[in-house]
1. Taking 35 Å as R0, compute the FRET efficiency from the Cβ-Cβ separation of GLU138 and SER175 and round it to 0.05.
2. How much length is gained on full extension from LEU251 to SER81, taking 0.36 nm per residue of separation minus their Cα-Cα distance?
3. For the chain, which semi-axes, largest first and in whole Å, follow from the square roots of 5 times the eigenvalues of its Cα gyration tensor?
4. Using the Kirkwood formula over every pair of different C-alpha atoms, what hydrodynamic radius in Å results for segment 170-257?
5. Which ³J(HN,Hα) values, rounded to whole Hz and listed in residue order, are derived for segment 117-122 from phi using the Karplus coefficients 6.51, -1.76 and 1.60 in 6.51 cos²θ - 1.76 cosθ + 1.60 with θ = phi - 60°, glycine and proline given as x?
6. State, as an integer percentage, the relative contact order of segment 109-257 based on alpha-carbon contacts under 8 Å between residues 6 or more apart.
7. When the helix-only estimate is applied to the chain (DSSP H runs of n ≥ 4, each -39,500 (n - 2.57), divided by the residue count), what is the mean residue ellipticity at 222 nm, nearest 500 deg cm²/dmol?
8. Treat segment 69-170 as a sphere of radius equal to its Kirkwood radius over Cα pairs and apply Stokes-Einstein at 25 °C in a medium of 0.890 mPa s; give the translational diffusion coefficient in µm²/s, rounded to a whole number.
Amino acid sequence: MPETAASPVASAHVATGDGFEPPRHVAIIMDGNGRWAAARGLPRSEGHRRGVEALRRTVRAAGEMGIRILTIFSFSAENWSRPASEIRDLMGLLRRFIRNDLAELHRNSVHVRIIGERNGLDPEIGRLLDEAEDLTRENSGLLLVVAFNYGGRQEIARAAQRLAALVAAGKLAPSDITADSIGRHLDAPDLPDPDLIIRTSGEQRLSNFLMWQSAYSELVFVSTYWPDFDRSTLENAISEYRRRERRFGGLVARTGS
Ligand code: FPP
């Protein structure tokens, strides 16, 4: 499959001991925090708090395993419909995650990028997201893409608006709008599509995550609730991915990495 663009990230490969290159780009829908908490008679906020711990473990494991890009669905455009108290909890966790973990992510050479709608966010959250991106911009380790206030359809609509503005300005002909040009106007157009998308908690749907980029991604659904996710769950999902044949619409199996 042609890559969206040739970036240093897109061309970096790290082989594992058995010669297998791990999927270059793994994306995760971190689901099941609430059910994890309910099963233990705990408040949902505790599930989210333990979800952040799972996120720390996963970032570490992904880097160690040679995954180049990890995209996480941290807050969806639709999550605003949750009760105000839960939204406050999730925003508080994001603030604390950036304040407490950013320095360590930076020390470990993690590069943070954010996708999603930035307009209309609480200004303090907006500043923290900018800070995370600015501080880590030059880092060459794992690229951690945080999908925040993100919806896949909304992202495609933003790309359409950018292209429409170019057409209105006379800089682009309508016939120049192609799948390729739409891909080049998404929130992170330089990144290769995810090879593997994992959803935890047993739910089997994409819920508006990476709708454009997931066209040829392998989907792996695991029953583990997100707070229990760890390196071995990630390894098992990757083992499942390795058993898949990726043909990208052709007849011949090809590796996506
Ligand atoms: C799904 O669980 C998870 C979320 C809505 C958000 C994921 C957030 C975190 C892991 C913590 C915050 C993230 C950062 C980057 C600080 P759910 O509440 O939908 O669970 P349920 O389906 O069992 O109710």
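Computed from the coordinates by the stated procedures, all read-outs in this text should not be read as laboratory data. Bear in mind the structure is a predicted one, so any value in this text is a computation, not a measurement. Cβ placement follows ideal geometry from the backbone for every residue including glycine, while neighbour counts extend to all protein chains displayed.
1. The formula returns an efficiency of 0.35 here.
2. Gain on stretching LEU251 to SER81: 56.9 nm.
3. Square roots of five times the eigenvalues give 27, 24, 18 Å.
4. 15.2
5. For segment 117-122, the Karplus-derived couplings read 7, 8, 4, x, 6, 3 Hz, x marking Gly and Pro.
6. 18
7. -13000 deg cm²/dmol
8. Reported coefficient: 165 µm²/s.
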